[in-house]
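Enquirer: Dropping a structure here in structure tokens format, bear with me for questions.
The values are calculated or read from the model by the stated rules, or taken from the named source; none is laboratory data. Nothing here was measured: the structure is a model prediction, and the numbers come from that model. No Cβ is skipped: glycine too gets one built from the backbone with ideal geometry, and neighbour counts run over all protein chains shown.
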Amino acid sequence: MGKTITEKIIGEHLVSGVYRPGTEIGIRVDQTLTQDATGTMAYLQFEAMNIPRIRTELSVSYIDHNTVQIGYENADDHKYLQSVAAKYGLYLSRAGNGICHQAHLERFGKPGKTLIGADSHTPTGGAMGMFAVGVGGLDVALAMAGEPFYLTCPKVIKIELNGKLPPWVSAKDVILKILQLFTTKGNVGSVFEYGGKGVEGLSVPERATIANMGAECGVTTSVFPSDATTRRFLKAQRREADWRELKADRNAEYARIVTLDLSELVPLTAKPHSPDNIGAVREMDSMEVNQVCIGSCTNSSYKDLVTVATMLKGRTVHPGVSFIIAPGSRQVLENLARGGYLTDLITAGARIMENACGFCIGNSQSPQTGAVSLRTSNRNFLGRSGTKDANVYLVSPETAAAAVITGRFTDPRDLGLAYPRVRMPAQFHINDELFIRPEETGDPSSITIYRGPNIGTPPTNSKLPETISGDITIKVGDKITTDHIMPAGDLMKYRSNIPKYAEYVFAPVDGEFAARAKKIRNTGRHNIIVAGLSYGQGSSREHAALCPMFLGVKAIIAKSFERIHAANLINFGILPLTFADERDYDRVEQGDRFEIVNIRELLREGKNIIVKNLSRGTSFGVGYDLSERQKKILFAGGALNRQ
């Protein structure tokens, strides 16, 4: 039997288990990345392991999320990250160098390598044939310490792309169509592997857009073949030696094959407030647009921004539109400038932001009250923009630029313009001076780690008790994201101060949760969360597990969990349970007193668990999907307790 690309890469890196979908495997990790919103805690955890030097081939610490420095906290954390990188042997990408996924694709990505990153959009690396997975920061810390990365061996879904994209339809429309087909739930434990003749017509940046937003479907990762297009991209980056051909065998077998004809696609948008709420741009009926933000790790490449600059050349932004551009990397910005495209954007009235995440994570450029904001980013969760009543639509750069011109939702095909045909440079201008290499930092023993007053030590959990006895502290619905659990934006400056950050757990949903949880914890009882489908969507932010753990949450009972968040819960000693009968979700209420007895024994023996609702005199069954390794982590109270 032939092999898929996924099977080939995993097979080359397998160190534990066998390649059998649905079972737990461990793989060797070649590369890791972090960004500053997740990296600070990851490196505090790495320090706690007392490992003198990283043990990966390459690890990079990027500063790209919290570059807006209001108050001392972010600047202090950036100094901490720089000193940690110097001491332990990481590359540091300084603020201004770019968004981690864009910069990593340009300078470090290699076909056939494994990459895990403390950011959910790490699968961007799959654009060049990497097995790139978003994880929690603790998993990155463990990988840097030389530990394998454990995951459920995925089933592989082939997405067969045929035909060519018509003018004004782009890679963003491809992934929006895939989100329409697969939605944001029900895809845990899968990999999207792309093939077909249609792949040949997609550049690496276009493939990156598609791989990036596969994260919104909840898949483990997305993988493209490494082919002649990949080789040209690496050659343009002066890294042709890093190329290797990587493709699926002709007789490879897949769990499912989905065929998509690129020539039949039209400009699409994800409507508020979910990336899978898809409609055609023409269905928006020329809705007035107040803000347009072009950038993020999804659509901030040279190709994307040259397309926009060409569309806007000689034009001026509509007076009703606030127009934001955030290039994905310093390399993109420099090449735009050298080609004259930056001048075209500035002349058109674009506001040029930092080469950073910025508006995408809601720490800047919040739209006006009740605004319609068109964004090329990957998420449009309620309130993520920083303005709770704003309506955020996800669109392609072409559709975004059309709204800049007209002030309204406009299908770019209706502009009457010639479609810009962007040729990728045979050679990018490359300037790596904002990377600080490990060999440039001197003797590690002479380096002192910088710690600002906002930096604390990672809190640890107590061992899993024999009996969980406590209250349903909150009951939430379906599709609760990590933004709901642990809000981002300006609050991320508290990421290394867990007692402070924990004050905001569930703040967008219930501002009294933290106080209620502390009160229950202080009585010696446990906090229990009840949730619906796809609990923990979105970011890899491990604080969405770490801060509830700090508040005394011992178990979460949900209809289903998303992969990264479930792994983070286990890493911090919180037991993820699922309703055996989803109807029992409707039979419990916030404030009910629960008791779950003999947990350790039942888990150890693989037996069913019964939850007693003492408030109602009822009981119900719950299930769990835990490997023996994960059970040991839970028994210890978390992965750090086992080091």
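Enquirer: So, in region 309-342, how many residues would count as being among the hydrophobic types (A, V, I, L, M, F, W, C), closer than 17 Å to Ser373 by Cα and in contact (Cβ under 8 Å) with a residue 40 or more places away in the chain?
Expert: Residues that pass the stated criteria total 4.
Enquirer: Quick one: would you say Thr34 is at pLDDT 95 or above and in the same structural domain as Gly137 (by TED's automatic domain parsing)?
Expert: yes
Residues are listed down the side, and each one gets a yes or a no for (1) among the hydroxyl-bearing types (Ser, Thr, Tyr); (2) more than 27 Å from Val60 (Cβ to Cβ); (3) in the same structural domain as Ser83 (by TED's automatic domain parsing); (4) assigned to a helix (DSSP H, G or I):
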{"position": "Glu439", "(1), (2), (3), (4)": "no, no, no, yes"}
{"position": "Gly442", "(1), (2), (3), (4)": "no, no, no, no"}
{"position": "Thr448", "(1), (2), (3), (4)": "yes, no, no, no"}
{"position": "Gly452", "(1), (2), (3), (4)": "no, no, no, no"}
{"position": "Gly456", "(1), (2), (3), (4)": "no, no, no, no"}
{"position": "Pro459", "(1), (2), (3), (4)": "no, no, no, no"}
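Enquirer: Now a separate question. Out of (1) among the small types (Gly, Ala, Ser); (2) more than 24 Å from Pro425 (Cβ to Cβ); (3) in contact with a strand residue (DSSP E or B) (Cβ under 7 Å, 6 or more places away or on another chain), what's the single condition that is false for Ala103?
Expert: (2)
Enquirer: Taking the condition of being more than 20 Å from Asp411 (Cα to Cα), surrounded by fewer than 23 Cβ atoms within 10 Å (Cβ to Cβ) and in contact with a helix residue (DSSP H, G or I) (Cβ under 7 Å, 6 or more places away or on another chain), how many residues in region 160-182 meet it?
Expert: 3
Enquirer: Of the residues that sit in region 539-598 and are of a type in the set (Phe, Trp, Tyr) and out of contact with any Pro (no Cβ under 9 Å at 6 or more places or on another chain), which one is nearest to Leu464 (Cα to Cα)?
Expert: Among them, the one singled out is Phe594.
Enquirer: Report yes if some residue within region 60-70 is touching a residue at least 60 places away in the same chain (Cβ under 8 Å), closer than 16 Å to Ile455 by Cβ, out of contact with any Gly (no Cβ under 8 Å at 6 or more places or on another chain) and not β-branched (Val, Ile, Thr); otherwise report no.
Expert: Looking through region 60-70, at least one residue is touching a residue at least 60 places away in the same chain (Cβ under 8 Å), closer than 16 Å to Ile455 by Cβ, out of contact with any Gly (no Cβ under 8 Å at 6 or more places or on another chain) and not β-branched (Val, Ile, Thr).
Enquirer: Would you confirm whether or not region 392-409 contains a residue that is in a loop (DSSP other than H, G, I, E, B), modelled with pLDDT of 95 or more and farther than 19 Å from Ile175 by Cβ?
Expert: Yes; the residues of region 392-409 include at least one that is in a loop (DSSP other than H, G, I, E, B), modelled with pLDDT of 95 or more and farther than 19 Å from Ile175 by Cβ.
Enquirer: I've got another one for you. Would you please name the residue that is farthest from Gly477 (Cα to Cα), looking only at residues in region 540-583 that are surrounded by fewer than 24 Cβ atoms within 10 Å (Cβ to Cβ) and of a type in the set (Ser, Thr, Tyr)?
Expert: For region 540-583, the residue satisfying everything is Thr578.
Enquirer: Taking the condition in contact (Cβ under 8 Å) with a residue 12 or more places away in the chain, hydrophobic (A, V, I, L, M, F, W, C), surrounded by fewer than 24 Cβ atoms within 10 Å (Cβ to Cβ) and out of contact with any Ser or Thr (no Cβ under 6 Å at 6 or more places or on another chain), does Leu265 pass?
Expert: The answer is yes for Leu265.
Enquirer: Quick one: would you say Asp411 is of a type in the set (Asp, Glu) and in contact with a Ser or Thr (Cβ under 9 Å, 6 or more places away or on another chain)?
Expert: Yes, satisfied.
Enquirer: Moving on to the next point. So, in region 284-310, how many residues would count as being more than 25 Å from Ala103 (Cα to Cα) and aliphatic (A, V, I, L, M)?
Expert: 3
Enquirer: Conditions: (1) in contact with a strand residue (DSSP E or B) (Cβ under 7 Å, 6 or more places away or on another chain); (2) more than 30 Å from Ile54 (Cβ to Cβ); (3) hydroxyl-bearing (Ser, Thr, Tyr). Tyr504 meets all but one. Number of the miss?
Expert: The single condition Tyr504 does not satisfy is (1).
Enquirer: Taking Gly112, is it more than 27 Å from Ile325 (Cβ to Cβ), modelled with pLDDT of 95 or more and out of contact with any Pro (no Cβ under 7 Å at 6 or more places or on another chain)?
Expert: Yes; evaluated as a whole, the condition is true for this residue.
Enquirer: Among the residues of region 415-437, how many are farther than 17 Å from Asp344 by Cβ and either of a type in the set (Gly, Ala, Ser) or assigned by TED's automatic domain parsing to the domain that holds Met311 (or both)?
Expert: Result for region 415-437: 2.
Enquirer: For region 135-194: of the residues being acidic (Asp, Glu) and outside any loop (DSSP other than H, G, I, E, B), which is nearest to Arg541 (Cα to Cα)?
Expert: Applying the filter and picking the extreme gives Asp139.
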